[in-house]
Structures are given as C-alpha cells and as structure tokens.
Amino acid sequence: MYELRGVTKRYTRGKDTVNALDGIDLTIPDGDRLVIQGPTGGGKSTLLQMLGALDRPTSGEIVLDGTDLATLSEARLTRVRSETIGIVFQSFNLIPTLTAQENVETALVPLGVKTKERRERAAEALASVGLGERLGHLPGEMSGGQQQRVAIARALVKQPKVLLADEPTGNLDESMRDEIMEVLERMWKELGLTFVMVTHDSAIAKKAPRLATIRKGRITIRENASA
Amino acid sequence: MFFTYLRRELRRRRKAALVVASGLALGIALVIVVNSVSSGMSKAQDKVLESLYGLGTDMTVTKAAAAAGDGEGGQGERPRFQFDAQDGDSDEEQSSDRVMVQGFQTLASSTVGKVADQSGVADAVGGLSLQVMKVSGQFTRGQFQQGGGGQTQGQGQGGAPSGGTGGQGGEVQGGGANFDVNSYSVYGTDVTKTGLGPLTSSKITSGRTFKTSETNAKVAVVDSAYAKEKELKTGSTVTISDTEFTVIGIATADSGDAAANLYIPLARAQTLGDVKNKVTTIYVQAADSQKIDSVKSAIQKNISGTTVTTSADLADTVSGSLSTASSLATSVGTWLSILVLIAAFLVAGLLTSSAVSRRVREFGTLKALGWKSGRVTRQVVGEAVVNGLVGGVLGIALGLAGAYAVTAVSPSLQAELGAAASGSGGGPGGMGGGPGGGMGRQTASRTLEVALTAPVSLTTIALAVVLAVAGGLIAGGFGGWRASRLRPADALRRVE
C-alpha cells in the first residue's frame with residue numbers, strides 16, 4: 001500500500017522554480033487500480049516517478065508497505081525498484097540490440113537469477129502476453145503493440161507488487177490500445193497487482209474505478225462507481 | 001547477460017567502435033614503430049661499437065696520444081721515404097715501407113696484467129695496432145740539355161717533371177717519379193686469448209683462426225674485403241716490411257667494416273713495429289655488466305696515465321645520420337607517440353562519453369529496472385575495453401607492418417666516430433689519414449655504414465596490449481563516470 005503525505009517536488013531552472021507536485025496526499029491500497037489524468041506539465045509523470053522510486057520528493061513522505069521511499073539510500077531504492085515495482089513506459093524503452101526474451105531477462109539480472117531460470121521465466125512471461133513465438137525477435141522486427149507487450153512482460157516477469165504504466169498506449173493506434181489494455185487489466189486481475197496508470201485517453205479513464213486528476217501539482221480523486 | 005549485451009552493442013555500433021579502435025590503433029602502432037626503430041638504432045650503435053671493440057668487450061684502456069713531436073719511437077713524426085733517382089733509361093723499381101704504431105701511445109705489456117688484476121675485471125687482453133705504408137715505384141733523373149742540343153747529365157734530382165735548372169746555357173728536361181702508395185692496417189692479437197678483442201667481431205669464413213701456440217708465428221688472418229682487393233686466399237703469402245706471412249684464414253666483419261686489414265700474432269706485430277712488450281689497447285671484460293663504471297674508476301685510479309673508455313663513452317662520440325636518427329627516435333618519436341596516445345585516449349574517452357549520452361534512455365531504463373550504477377558502468381567500461389583491445393590488435397598489426405617496412409627498406413645510416421673519439425676512443429685505431437697524412441697525429445675517426453632494422457620485441461607487444469587495455473579503461477572511465485551519474489528519472493525525463 002502507498003501512503004503519500006504532503007509530497008512536494010520542486011524543480012529549479014535558473015531563477016524560475018516550478019512546483020511539479022504541491023503537497024500531494026494520496027493513499028493507494030494494495031490491489032487498487034488508479035488512473036491518473038491531467039494536462040501536460042501538470043505533474044502526472046512526476047508523481048509516477050515518485051511512486052516508482054525513480055526520484056525523491058523535495059519534501060513529504062512516500063510510504064510503500066511501511067517504508068518511506070523519500071529517505072531510503074540509493075542502494076535501497078534500487079532494490080525496491082528491482083524487487084517490488086514494475087514499470088511500463090510510453091516509448092516501450094526496449095534495448096534495441098537484445099531479443100524479446102533477452103529484454104525481459106534484463107529485469108531478472110539485478111535479482112541474481114541464474115541464466116537458465118532467467119530464460120525460462122522470460123519465455124513464460126512472453127507467452128503470457130501472447131508472444132511465445134517471438135522470443136528471438138528484436139524490437140525492430142515487431143509492431144508497436146508487440147513491443148509494448150514485451151515491455152509488459154519485462155515489468156511483470158519479476159512478479160512485482162506494483163505495476164506503474166506511463167501512458168502505455170500513448171504511442172499505439174486504437175486497435176493496439178485495446179489489445180494492450182486488455183493485457184494489462186488481465187494481469188492486474190490475475191496477479192492481484194496494485195496498478196497505477198497515467199493516461200491522456202479519456203476512454204481508458206472512464207473505465208477506471210478511481211480517477212486522480214493532477215493540475216498544477218495538486219491532485220483530486222474521484223471514485224467511479226460505474227467502472 | 002553481460003557478454004550477450006556487450007557483443008550485441010559492439011555489433012550494433014560497429015562504426016563508432018571502429019573509430020575509437022582506429023584512434024587507439026594509430027597511437028599504439030606509432031608506439032610500436034618508434035619503440036622498434038629505437039631498438040634498431042640501439043642495435044645499430046651496438047654493432048658500430050662491436051666493430052671497434054669486438055664482442056664481450058666492456059671497455060678499453062689506452063694511453064692518450066701526445067702532442068706532435070712528443071711521441072715515442074718516432075710517433076708524432078711524419079714518415080720519411082728516401083729513394084735514389086735512377087737514370088732516365090732505367091726501369092728499376094724501388095720500394096720502401098714504414099710500420100708505425102697507430103693512433104695512440106703505447107702501454108707496457110705488463111699493464112695488461114695490472115688491469116686484469118683489478119677488482120671486477122673478468123678478463124683483459126692487449127693488442128697492438130699498426131699502420132703500414134709502402135711506397136714503391138720508379139724515380140728517374142732529369143736530362144740536362146744545352147742550347148746546342150747535346151745532352152749532358154744534369155744535377156736536377158727527381159723532382160718536378162720539368163727538372164731543375166741545369167748548367168749554364170741549358171736546362172734539365174724530363175725526369176720525375178712514378179710510384180704507388182699502399183697503406184694498410186695490421187693488428188697484433190694475443191693468440192692465447194682470442195675470445196676478446198676486435199677479431200671477435202669478425203667470423204672466420206675460410207681457413208682457421210690462430211692457434212694458441214702461434215704466439216710468434218709468421219701467420220696472418222686477412223679481412224675478407226682486403227683479401228678480395230689484394231686477391232689473397234688461405235695459403236697465400238703476404239709481405240709486411242720484408243717479413244713473409246702465410247695467410248691461414250679469411251675473416252669477414254659482422255658489420256661489414258673490419259677493425260684491421262691484417263691480423264697477426266702480437267709478438268710478431270711488436271717486432272714489426274719495433275715496440276717490444278708494448279700494446280696500444282687493452283680490451284677489458286667486466287665481471288658484472290652493471291658495475292662497468294666502478295671498474296672504470298678502479299682502473300683509472302690504480303693505473304695512472306691511462307684512459308678508460310666504456311661502450312657508453314664511445315656511444316656518446318657517435319655522430320652522423322645514425323646519431324641524428326637515434327636522437328630523433330628518442331626525442332621527437334617518443335614525444336610524438338605520447339602526444340598521439342594522449343590524443344587517442346582523449347578522443348576514445350570523449351566518443352565513449354558521447355555514446356553514453358546517446359544511450360541515456362537505455363541506461364535510464366536499466367536503472368529503472370533495478371540495475372545498480374556499478375553494473376551499468378561495468379557494461380560501459382566492458383565495451384570500451386573491448387574497443388581498446390580491438391584497437392590494440394589493429395595497432396599491433398599496423399605497428400608490425402610499419403616495423404616490417406622499416407626493416408624491409410633497411411635505410412642505411414652512417415655512424416661517425418669523429419674527432420671527439422680520438423685519443424679516448426678504443427679500438428685498434430682508425431683507418432683515417434691517407435698517404436702523406438700526419439700519421440703521428442692520427443685520430444680514431446672512422447665512418448661506418450649500418451642498415452637500420454626495426455625489431456619488435458615481446459616487451460613491445462606487451463606494452464601495446466597494456467596501452468590498449470589502458471586506453472579502453474580510460475575511455476570506459478569517461479563513459480562509466482557519466483553513466484554512473486545518470487539518475488533514472490532524469491534519464492527518462494530527457495527523452496520524453
């Protein structure tokens with residue numbers, strides 16, 4: 001479970017100071033599915049980075065399962081990222097020279113998983129997203145939807161508790177968007193993940209049980225009973 | 001994963017890797033060529049010194065030449081030849097030769113024993129260098145011719161072809177001289193110790209060398225070039241100052257320039273030169289090559305009036321194109337290599353750092369996946385080291401090709417042991433001073449031609465490998481440092 005208390009993130013560029021997050025208070029229970037929306041530059045991605053232990057807040061607490069990420073050492077943050085959090089990026093962020101299977105394996109490297117087990121688990125993860133036949137393909141040889149499915153397999157192969165997705169369908173057309181959303185929702189349900197997703201897509205937002213909107217660094221939460 | 005990732009990245013960035021590797025290769029190749037050429041220079045100098053000293057000689061002991069007129073036994077004086085003029089119709093040939101101690105004043109033979117007794121001396125042997133000048137030909141009187149045309153014996157002596165002034169009312173016509181001058185060097189060698197001294201720098205290519213029993217025998221070993229010129233071979237006889245010697249062997253100098261034309265037993269040489277129990281040079285072998293300086297000091301201190309010259313001293317007197325090239329190789333070549341290497345390392349470092357900048361998203365993603373900075377850095381350094389090793393292999397190939405080219409071309413270098421060497425230079429003395437030259441003041445000046453080679457040693461190859469790895473590590477250091485400073489959030493933000 002995430003508990004954010006008074007989280008502020010301030011960037012200074014020259015003489016200008018920008019409050020990307022301005023005293024965010026937010027609770028995300030285990031197994032929750034939260035969609036974050038908001039205008040560009042409103043602070044969505046910054047919040048996701050805080051949740052993903054990719055960055056530290058200027059002030060405030062980000063407590064994940066009783067541990068404040070804001071005060072952890074770099075080594076401990078790295079460990080949290082490697083064990084607990086899976087991240088899916090808008091641009092897929094696959095390593096272009098590695099095959100689909102090897103890309104998925106990169107998530108198991110920091111956990112010290114042996115090569116054989118690593119390969120097996122990567123193959124299983126790819127099979128679970130419908131890419132069991134494309135293990136040896138390079139990212140350049142796959143469509144955008146397939147690449148994003150590889151990225152999802154990479155995020156989930158380590159069996160994280162939290163899945164964070166930063167506009168996962170932002171670079172995809174409508175049919176692929178539905179395909180990816182179907183995979184993500186299925187995984188969320190099957191694995192009992194805490195799933196936080198940033199999106200611009202109103203169609204996706206409408207289906208979310210909880211919708212957070214961030215404007216000028218401030219957050220408002222809306223429950224969606226119909227979802 | 002490390003090697004898979006490494007292999008794929010290097011394959012993907014072949015061009016960039018090749019640029020980095022080529023830069024390093026150039027630097028490494030230059031180091032190999034400069035190193036091997038320097039080594040070749042050193043070998044050439046050794047060869048030059050060996051031709052004077054012979055193998056195994058660490059230093060020579062001599063007595064410095066005295067000023068003109070101060071010499072002993074006629075040294076310091078010009079050789080004089082006296083011939084009687086013959087009648088104009090006489091074709092009788094006259095000849096006269098002079099045997100002179102060459103180059104230096106002599107030392108007593110007992111000095112050899114004293115030198116051998118010095119601490120740190122493994123062996124010492126004395127030798128006597130002689131220069132023989134033989135003048136032979138016809139010398140005829142001029143004819144006095146009076147105005148009437150009758151011929152009268154004039155008083156003009158073999159002088160100018162036109163003759164001198166004759167009697168009254170007439171003039172001396174005709175007369176003159178037609179003669180050859182033959183000058184050659186003879187070295188008296190201690191036949192009981194043939195392992196040390198100038199003859200060791202030659203190989204016996206025909207016949208044999210001296211036997212230890214031939215201490216006073218009339219036998220000679222002839223330098224191959226001189227033998228060819230005079231058409232001498234084993235079994236021939238050669239006459240030196242009315243003494244006939246039998247040629248027992250032909251010696252070919254390793255460097256192509258022999259120490260002397262003829263080698264004869266020391267005692268015979270002393271007799272010929274009229275310098276009983278004297279030597280011109282003592283060749284010394286030190287027990288420990290690291291203690292040559294201390295042995296030199298001991299000899300100079302304990303045996304007064306001697307000049308001790310080591311290989312290093314003599315090397316300092318080498319001039320000519322060999323010396324110039326050697327200086328260039330050691331100064332310009334070394335600095336050029338260092339500069340090119342530094343430039344190559346910097347370029348490799350900057351290119352690697354720039355490559356990391358282009359891969360911010362990639363490394364940021366890996367960090368977001370939980371890769372530690374150290375693991376990312378290792379990956380970058382690993383790639384750079386492989387680039388360095390590829391550069392090393394290319395550089396070694398290029399360097400070997402360069403060194404091979406130098407050896408194949410074998411540029412000829414001249415080594416001059418000039419005036420600075422005179423008086424202090426070792427060896428049996430120079431070949432200089434032509435006929436009529438001031439033999440008493442003769443210096444040890446000589447010019448040798450040696451072919452430059454560029455031998456590549458295993459040490460040089462090892463140095464190249466070390467440089468390649470170092471280059472890779474330095475380049476990797478640049479890139480790794482940059483990669484380690486990346487924060488995953490910054491990296492991801494930059495590409496969004």
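The values are calculated or read from the model by the stated rules, or taken from the named source; none is laboratory data. Only a predicted model underlies this, so the values are computations on that prediction, with no experimental measurement involved. Here the Cβ positions follow ideal geometry from the backbone for every residue, glycine too, while neighbour counts run over all protein chains shown. Keep in mind that these areas ignore ligands, DNA and RNA; they rest on the heavy atoms of the full protein, side chains included. Shrake-Rupley method; radii C 1.70, N 1.55, O 1.52, S 1.80 Å.
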Problem set entry | Residue-averaged 222 nm ellipticity for chain A, from DSSP H runs of 4+ at -39500 (n - 2.57), nearest 500 | -9500 deg cm²/dmol
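Only helices at least 24 Å long along their own axis, judged from Cα atoms, and with Kyte-Doolittle mean hydropathy of -1.0 or greater: name those in chain A from DSSP H.
Helices meeting the criterion: A:174-191.
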Exercise. Under 5 Å between amide H atoms, partner at least 5 residues away or on a different chain: which partners does B:Ala122 have, H built in plane at 1.01 Å?
Worked result: B:Gln285, B:Ala286, B:Ala287
Exercise. Working out 0.36 nm times the residue gap between A:Glu120 and A:Asp25, then minus their Cα-Cα distance, what length gain in nm do you get to one decimal?
Worked result: 30.1 nm
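Can you give the longest run of chain A that contains no trypsin sites (Lys or Arg not before Pro) sitting in a DSSP loop with at most 16 other Cβ atoms inside 10 Å? Walk me through the numbers before you get to the answer.
On the way: sites that count: A:Lys15, A:Lys114, A:Lys207, A:Lys216.
Answer from the scan: A:16-113.
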Exercise. Taking the simple approach of a point 7 Å from Cα along Cα-to-Cβ for both A:Thr71 and B:Leu350, what is their distance in nm?
Worked result: 4.7 nm
Problem set entry | Residue order for B:Ser241, B:Ser36, B:Ser294 - accessible surface, 1.4 angstrom probe, largest first | B:Ser294, B:Ser241, B:Ser36
Exercise. Between B:Val409 and B:Ala343, what FRET efficiency follows from the Cβ-Cβ distance if R0 is 22 Å, with the result rounded to 0.05?
Worked result: 0.20
Exercise. So what are the ³J(HN,Hα) numbers for segment B:355-361, from phi and the Karplus equation (6.51, -1.76, 1.60; θ = phi - 60°), rounded to whole Hz, Gly and Pro as x?
Worked result: 5, 5, 4, 6, 10, 4, 4
For this session: Any chance you could look up the accessible area of B:Ile303 with a 1.4 Å probe, heavy atoms only, rounded to 10 Å²?
Result: 10 Å²
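How high is the FRET efficiency between A:Glu190 and A:Ile221 when r is their beta carbon distance and R₀ equals 30 Å, given to the nearest 0.05? Let's see the in-between values first.
Numbers: r = 26 Å, r/R0 = 0.86.
Efficiency, from the Cβ-Cβ distance: 0.70.
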For this session: Leaving ligands, DNA and RNA out of it, rank B:Val465, B:Val112 by accessible area with a 1.4 Å probe, largest first.
Result: B:Val465, B:Val112
Exercise. Using r as the Cβ-Cβ distance of A:Ser175 and B:Arg14, and R0 as 41 Å, what FRET efficiency do you calculate, to the nearest 0.05?
Worked result: 0.65
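How much length is gained on full extension from B:Asn182 to B:Ala401, taking 0.36 nm per residue of separation minus their Cα-Cα distance?
Numbers: separation 219, 0.36 × 219 = 78.84 nm, distance 4.75 nm.
Gain in length upon complete extension: 74.1 nm.
Let me check something: with ligands and nucleic acids excluded, how do B:Ser119, B:Ser185 order by accessible area (1.4 Å probe), largest to smallest?
Details: B:Ser119 95, B:Ser185 5 Å².
Ranked list, largest accessible area first: B:Ser119, B:Ser185.
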Exercise. Can you give the convex hull volume of the alpha carbon atoms of segment A:59-178 per residue, in Å³?
Worked result: 122 Å³
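Check each of the trypsin sites (Lys or Arg not before Pro) in segment B:171-212 and keep only those in coil by DSSP with at most 15 other C-beta atoms within 10 angstrom; list them in order. Display every interim value, and only then the final one.
On the way: sites: B:Lys193, B:Lys203, B:Arg208, B:Lys211; in loops: B:Lys193, B:Arg208, B:Lys211.
Of the trypsin sites (Lys or Arg not before Pro), the ones in loops of segment B:171-212 whose Cβ has at most 15 other Cβ atoms within 10 Å are B:Arg208, B:Lys211.
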For this session: For the pairs A:Lys206/B:Lys372; A:Lys161/B:Lys15; A:Lys15/A:Lys207; B:Lys218/B:Lys296; A:Lys116/A:Lys207; A:Lys44/A:Lys158, note any where the Cα-Cα span goes beyond 32 Å.
Result: A:Lys206/B:Lys372; A:Lys161/B:Lys15; A:Lys15/A:Lys207; B:Lys218/B:Lys296; A:Lys116/A:Lys207
